[in-house]
1. Does A:Arg418 satisfy the criteria of being away from chain B (no Cβ under 14 Å), at pLDDT 95 or above and within 16 Å of ligand 1 (Cβ to nearest atom)?
2. Looking at the stretch A:90-100 only, could you name the residues that are over 16 Å from B:Pro71 (Cβ atoms) and either more than 7 Å from chain B (Cβ to nearest Cβ) or part of a strand (DSSP E or B) (or both)?
3. A:Asp58 is checked against (1) closer than 16 Å to A:Ala149 by Cα; (2) surrounded by fewer than 21 Cβ atoms within 10 Å (Cβ to Cβ) and fails just one. What number does that condition carry?
4. Would you mind telling me which numbered condition in (1) surrounded by fewer than 17 Cβ atoms within 10 Å (Cβ to Cβ); (2) hydrophobic (A, V, I, L, M, F, W, C); (3) within 16 Å of ligand 1 (Cβ to nearest atom) A:Ala425 fails?
5. Which is more than 16 Å from ligand 1 (Cβ to nearest atom) and either of a type outside the set (Gly, Ala, Ser) or in the same structural domain as A:Gly345 (by the TED database) (or both), of A:Asp388, A:Asp396?
6. Would you say A:Ala149 is modelled with pLDDT of 95 or more, in the same structural domain as A:Lys38 (by the TED database) and part of a strand (DSSP E or B)?
7. If we keep just the residues of the stretch A:390-430 that are of a type in the set (Val, Ile, Thr) and touching a residue at least 24 places away in the same chain (Cβ under 8 Å), which is farthest from ligand 2 (Cβ to nearest atom)?
8. Consider B:Ala361 carefully, then state whether it is of a type in the set (A, V, I, L, M, F, W, C), closer than 28 Å to B:Val19 by Cβ, within 16 Å of ligand 2 (Cβ to nearest atom) and surrounded by 12 or more Cβ atoms within 10 Å (Cβ to Cβ).
2 protein chains.
Amino acid sequence: MADAVTPRDEDYSQWYQDVVRNGQLAENSPARGCMIIKPNGMALWENMRDQLDQMFKDTGHQNYYFPLFIPERYMEREAEHVEGFAKECAVVTHSRLTQDEEGDLVPDPESELGENYIVRPTSETIIWDTYSKWIQSYRDLPLLYNQWANVVRWEMRPRLFLRTAEFLWQEGHTAHATETEAVEEAERMLDVYTTFAEEYMAMPVLQGRKTESERFPGAVDTYCIEAMMQDGKALQAGTSHFLGQNFAKAFDCTFTNEDNEEEYVWATSWGVSTRLIGGLIMTHSDDQGLVLPPKLAPHQVVIVPLFFDDDQEGPVMETCERLQERLEDHGIRVKMDQNHTQSPGWRFSEHELRGVPLRLAIGPRDLENDNVEMARRDTQEKEVVPQDGIAERVSDTLDDIQHALHERAQDRQADNTRVVEDYDAFREVIGRGGFAWAHWDGTPETEARIQEETSATIRLIPFDREDHEEGEDMLTGEPSEGRVLFAQAY
Amino acid sequence: MADAVTPRDEDYSQWYQDVVRNGQLAENSPARGCMIIKPNGMALWENMRDQLDQMFKDTGHQNYYFPLFIPERYMEREAEHVEGFAKECAVVTHSRLTQDEEGDLVPDPESELGENYIVRPTSETIIWDTYSKWIQSYRDLPLLYNQWANVVRWEMRPRLFLRTAEFLWQEGHTAHATETEAVEEAERMLDVYTTFAEEYMAMPVLQGRKTESERFPGAVDTYCIEAMMQDGKALQAGTSHFLGQNFAKAFDCTFTNEDNEEEYVWATSWGVSTRLIGGLIMTHSDDQGLVLPPKLAPHQVVIVPLFFDDDQEGPVMETCERLQERLEDHGIRVKMDQNHTQSPGWRFSEHELRGVPLRLAIGPRDLENDNVEMARRDTQEKEVVPQDGIAERVSDTLDDIQHALHERAQDRQADNTRVVEDYDAFREVIGRGGFAWAHWDGTPETEARIQEETSATIRLIPFDREDHEEGEDMLTGEPSEGRVLFAQAY
Ligand SMILES: [Zn+2]
Ligand SMILES: [Zn+2]
């Protein structure tokens, strides 16, 4: 059996690593800070990608693909953007290796590039340079495009899925004739992310906008969704940026409007990444390992045939295969456990560690009674059920699990979120791990001071702020326009 | 209307560029040698990827993902491999940009990496380093994995899809306990590529093995499929390598066999790339632009509503939308032309340039007669057909087109392939563009001399060579064990 999982309350960070490793999701690679996504992790990401991709297409977007390399000079064009990304990027300076006198491979000095390339940390610059060629008239707008790609941001403290030097993501880049349309697009995509998080990941999220200091470099406004992890910390699960005309101005991207006037184009960009897998793990998994929502699990059901001598093998396998076929006919993703050499306990535990939502075990006794033993991963409940009508029952149970995971996460979020009136209460909530709604005077100085003293950051300013009551900053006593959400964050 | 397409017989290379540009498939990017894959090109690649991915899964493979970066020292481990790839790779030497005295961005000298990374040109090295950790016993074998990824090989003479510095591809990497099993795997994947080329791309291919000089760096044997382009040149469309124990030895990857002995693991790797799109274009397209096989076309059918005053718009659109629904219910991928401002001729030509296999046009007259005008992209034939039973008719016509494209390409290949007995005849066949089956004495020297004199290379040595007659090398007169296939190649 794989190594045991460290309990959460013993060492949360070790628990996370154990869940990732035993869940066969990913491991560290010899390229520092970069991860190897293993087959179980990749199948999970592909399910997430396919679902999101469908939602992007349903909202009118198409995919394209831009180069991995961005010419160095492009980074200089948008001042905040370069400020935000220049400090953590991989720089390509040579196009050839050669052997030095000792026979070691070194960059060939003669292959030094006239202009260096950086490996994309995000693609606004190269994309807006191209948009300036694609867009002439209002008739060319809007452009509603997305790409699935790998990006690199050098990481000093890498952590599988949560912070890796290379990660997989999607980045949407849209161009619009009006500010209103661009803002609507940024909001629409935040809603798409919200729907995906809630309905597919079963991960409740809060929506809002970022403060200036947490904004995407180059954005006018950054919208975000934030989720609560099991330790009460926040995870930023997706962002959607209203970029105004910043990149259009930096790359001289204008269009002729219906009144024949030249205007700068309005922009959005939005993205989610393999970081979501980190969020998924820390929302649902337990001390027995990975727990996955049925809608995204690579396999929704594992069938475990149990037999103890050769005579039993034929009839048991036959029943299991018939069962598999019936479930697959209902569109259920089924894995057949073919590992006949290990004990049932070992095999059960393997599937638990991998987060398969539902386990069906069939042995000789079940054959006699036309039964199946059904075990839920989330509650660990076992039940003996008739083989008759099994597909409907499995299907209903998977729905139940999906819903139960969401409910449990929602309850936990509610239980660990507090409206606080003063700084002592605030420190107490943040200290034990939780979300705090508190008044803030709106200044970056106060924001910075609170972060310094408590490690908590402002996760979001709610959109419906007008409805909230005004008050006084818990620290400075200065007037506040409404509460904002604080938490420590990943 | 988009720019016209240069006829093939006027300037073949310009024709190719025109087809790519007007087909909205790809364009050059500011990162030298890297391409931007546009939405029509990306949708085509996604269809190819999804089909191949299904075929990989049906043959027992799973996807994973390895890092973009490979530590420099890994390249040194397999001698032929480094020889093959060190001369054309992107080298990452710094992890940060900073501003110099003039305010320009430059790599921060303090961020120089202790060990440089190269951007993967292919991933055997980093993968086999990891396999040496994953594999201990024969029970861990086989490993049957694949990844979809971007790779970089510096290109001095880039050409969209055919040769680009960055390209998208898949690379399969499998590990086996025996030589036989590994050879079988390499053959199996070549068959998968063959089926894909013939049945989905409608592109006939020939199978065989490469000569030593054309082998993958580090392989024991490279199997390939070769297709004939419309100018009679060959395109290598896919390769599958039997790697023997070369990478296992380089990365010390051993396993304990059933007899408890330590052995090196046997390996294969296999890949196809966005280069296939270049092959697809040069197999089927014509002087009117892109022609796509229905099985891979992003849209299989475009519906063009035609009306000349506002009264007609409602009824015409209604019929077109009903039609769309009926086709989509049959699983047909349909695009509705919403461009009502341009002339019918302009719109028809746009869809031709984009390679949509079938066009359905409906105007007021067709409404009266319950008809549709149906036009095939491949033959340019038009036919007025009843709306009744349209889905079945469209479906059958798409099958016809798929088959006709394959037949036409097969005929062209047969017409331009010659069995030649002497060097004069050989030069003649190669000179006018074509495949030549000729005797060769088996030496790299003769191979090199023929290439120097005629630009033709040995595309493959057929698998069923025993059945071929022996003979004499057309150039040297030395004994030959059978004919090999020569052609100029992309
Ligand atoms: Zn619910
Ligand atoms: Zn045929």
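The values are calculated or read from the model by the stated rules, or taken from the named source; none is laboratory data. The model shown is predicted, which means the values in this text are computed figures rather than measured ones. Every residue, glycine as well, gets a Cβ built from its backbone with ideal geometry; the counts of neighbours run over all protein chains shown.
1. Numbers: away from chain B (no Cβ under 14 Å): yes; at pLDDT 95 or above: yes; within 16 Å of ligand 1 (Cβ to nearest atom): no.
In short, no.
2. Filtering the stretch A:90-100 for residues over 16 Å from B:Pro71 (Cβ atoms) gives A:91, A:93, A:95-96, A:98-100.
If the condition is that a residue be over 16 Å from B:Pro71 (Cβ atoms) and either more than 7 Å from chain B (Cβ to nearest Cβ) or part of a strand (DSSP E or B) (or both), then A:Val91, A:Thr93, A:Thr98, A:Gln99, A:Asp100 are the ones that fit.
3. (1)
4. It fails just one condition, (3).
5. On the way: A:Asp396 fails: more than 16 Å from ligand 1 (Cβ to nearest atom).
It is A:Asp388.
6. Details: modelled with pLDDT of 95 or more: yes; in the same structural domain as A:Lys38 (by the TED database): yes; part of a strand (DSSP E or B): yes.
In short, yes.
7. First, pick out the residues of the stretch A:390-430 that are of a type in the set (Val, Ile, Thr): A:390, A:394, A:397, A:401, A:417, A:419-420, A:429-430.
Still in the list and also touching a residue at least 24 places away in the same chain (Cβ under 8 Å): A:390, A:394, A:397, A:401, A:417, A:419-420, A:430.
Values: A:Ile390: 44, A:Val394: 43, A:Thr397: 47, A:Ile401: 48, A:Thr417: 64, A:Val419: 71, A:Val420: 73, A:Ile430: 69 Å.
Per the criteria, the residue is A:Val420.
8. no
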